[in-house]
Amino acid sequence: MTGVIGAGAFGTALAVSLALGGRKVVLWARDAEAVARMNDTRENPRLPGVTLPESLVVTDDIGSLSGDFPLLLAVPMQKLRDAIRAHAAVLDNRPLVACCKGIELSTGLGPSEVIAEELPAATPALLTGPSFAADIARGLPTALTLACAHGPCAEELQQALSAPNLRLYRTEDVTGAETGGAMKNVIAIACGAAIGAGYGESARAAVMTRGYAEMVRLAVSRGAHENTLAGLSGFGDLALTCTSEQSRNYRFGRAIGEGQSFDPSVTVEGAATAHAVQEASRKRGVDMPITEVVVALIDGKVDMETALGMLLSRPLKEE
Ligand SMILES: NC(=O)C1=CN([C@@H]2O[C@H](COP(=O)(O)OP(=O)(O)OC[C@H]3O[C@@H](n4cnc5c(N)ncnc54)[C@H](OP(=O)(O)O)[C@@H]3O)[C@@H](O)[C@H]2O)C=CC1
Ligand SMILES: O=C(CO)COP(=O)(O)O
């Protein structure tokens, strides 16, 4: 059995995929009315056009997740700690797989570190990599990274969470996987802004590549292995998010580049994470010029022309 906490787009997509793969899955949401609607219509408005399989149990009863089976935590990064605290009794002392991508603004910690801080007896893991919820829910082929520092648990989770069209690779480098997932959103905002401002696809490729260099520098400074960043959780997700109109982070960046507003109710993980990364990188003395520019753009401190100048006027250096 698998439990999923958070019936947003991603939690629902993972629950659907696992249920269609023959697993027993319980999807929990905090909003009783939304749960009743989902049970009535067998659809989730956050994932339009996808029918919830009959075998998928949707509930607002957190007690139905009691047990020692793995729980997927599919809530936004900045909400993860609240969600854990609200249900600590049920969540403690079992595998908890964070499905969020980001760094906590108030602490500079990644998802596995937040879990470890709140629930030291739980086994933290991370599911990350290139995947749009809509693609997973439609059964399109997808490959992701399952990261867990505890080797045997990583293998069990890899088996338990793979589905016919959802292929999981395993790593024990949780720090590398979570830094890649967090940073790709920041760089996707920069890429969206470059395209929105009309700077062209060559500029985007430059931002992606130099953004990857920033991702690697930050990850290594946090204790990650450089090679992890070349995998699905780093390069893979960077490639997807920086080039797809499906990405909310990319579209948010594009709106900035076009001088348009963006719906504040949409989950854009890279916005808070850019600020968290800026603070962490300054403390560690890690050079992150694209992240600095993204923060300045989000805060409205610079316009696109100034932002471009900040990057192009840097001293010439070796690659
Ligand atoms: N969408 C995608 O394609 C992908 C998303 N992700 C990652 O998944 C994470 C979630 O994103 P996504 O599902 O798209 O976001 P959504 O905006 O679609 O949904 C977020 C969900 O989290 C719930 N939630 C928020 N706070 C809490 C809380 N304190 N307790 C319980 N539930 C809470 C919300 O419930 P409510 O409606 O009641 O507010 C909502 O159901 C993000 O980190 C994202 O980066 C990863 C890969 C793909
Ligand atoms: O993480 C994702 C793809 O891997 C989803 O990206 P967005 O949050 O930008 O939509």
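What the table below lists for this structure:
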read-out	value
Among beta bridges that DSSP assigns inside the chain, antiparallel share in %, nearest 5	20 percent
Under the span-like rule (Cα at least 20 Å along the axis, Kyte-Doolittle mean at least -1.0), DSSP H helices of the chain	174-196, 201-221, 269-284
Rounded if a/c under 1.5, otherwise prolate or oblate - region 46-107, Cα gyration tensor axes	oblate
Highest-fluctuation residue, 273, 107, 209 considered, GNM on the chain with Cα pairs under 10 Å	107
Charge dipole magnitude, Cβ of K and R +1, D and E -1 - region 232-287, Cα centre, debye nearest 20	180 debye
Exposure ranking of 269, 279, 113 by accessible area [1.4 Å probe, largest first]	279, 113, 269
Carbon and sulfur %, accessible surface of the chain computed with the full protein complex present, 1.4 Å	51 percent
Relative contact order (%) - criterion: Cα under 8 Å, at least six apart; region: region 194-250	22 percent
Per residue convex hull volume, Cα atoms of region 1-98, in Å³	87 Å³
Region 152-196 pair-distance distribution - Cα-Cα, 10 Å bins, rounded %	22, 33, 28, 15, 2
Ratio of Rg to Rh over region 95-228 (Cα coordinates, Kirkwood Rh, two decimals)	1.00
Probe 1.4 Å - accessible area at residue 66, Å² to nearest ten	70 Å²
Quotient of Cα Rg and 2.2 N^0.38 Å for region 270-310, N being how many residues it contains	1.11
For the chain: lysine pairs under 22 Å (alpha-carbon distance), excluding those fewer than 8 apart on one chain	6
Residue (of 34, 55, 290) at the positive-pole extreme of the chain, dipole from beta-carbon charges	290
Accessible area expressed per residue, region 209-250, with surrounding protein chains retained (probe 1.4 Å, Å²)	41 Å²
Residue among 274, 230, 88 with the largest mean-square fluctuation in a Gaussian network model of the chain, springs linking Cα atoms under 10 Å	88
Point-charge dipole on Cβ atoms (K/R +1, D/E -1) for region 1-114, about Cα centre, debye to 20	220 debye
Residue 226-residue 39 FRET efficiency (beta carbon distance; Förster radius 45 Å; 0.05 resolution)	0.45
Rough spin-label spacing in nm, given labels placed 7 Å along Cα→Cβ, for residue 85 and residue 261	3.1 nm
Choice from 291, 243, 41 with maximal GNM fluctuation in the chain (Cα, 10 Å cutoff)	41
Relative packing of peptides 130-138, 188-196 - highest average C-beta neighbours within 10 Å first	188-196, 130-138
Accessible area in the full protein assembly, largest first, 1.4 Å probe, for 275, 150	150, 275
Heavy-atom accessible area order for 199, 250, largest first, 1.4 Å probe	199, 250
With all protein chains modelled, accessible area of residue 59 [1.4 Å, Å²]	20 Å²
Orphan Cys of the chain, criterion: no other Cys C-beta under 4.7 Å	99, 100, 148, 153
log10 of Debye I(q)/I(0), alpha-carbon scatterers only, for the chain at 0.06 Å⁻¹	-0.19
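The values are calculated or read from the model by the stated rules, or taken from the named source; none is laboratory data. It should be emphasised that the depicted structure is a prediction, and the values quoted were computed from it without experimental measurement. So basically every Cβ, Gly included, is an ideal-geometry build from the backbone, and we count neighbours across all protein chains shown. Each accessible area value is taken on the protein alone, full model and side chains, heavy atoms only, with ligands, DNA and RNA left out. Shrake-Rupley method; radii C 1.70, N 1.55, O 1.52, S 1.80 Å.
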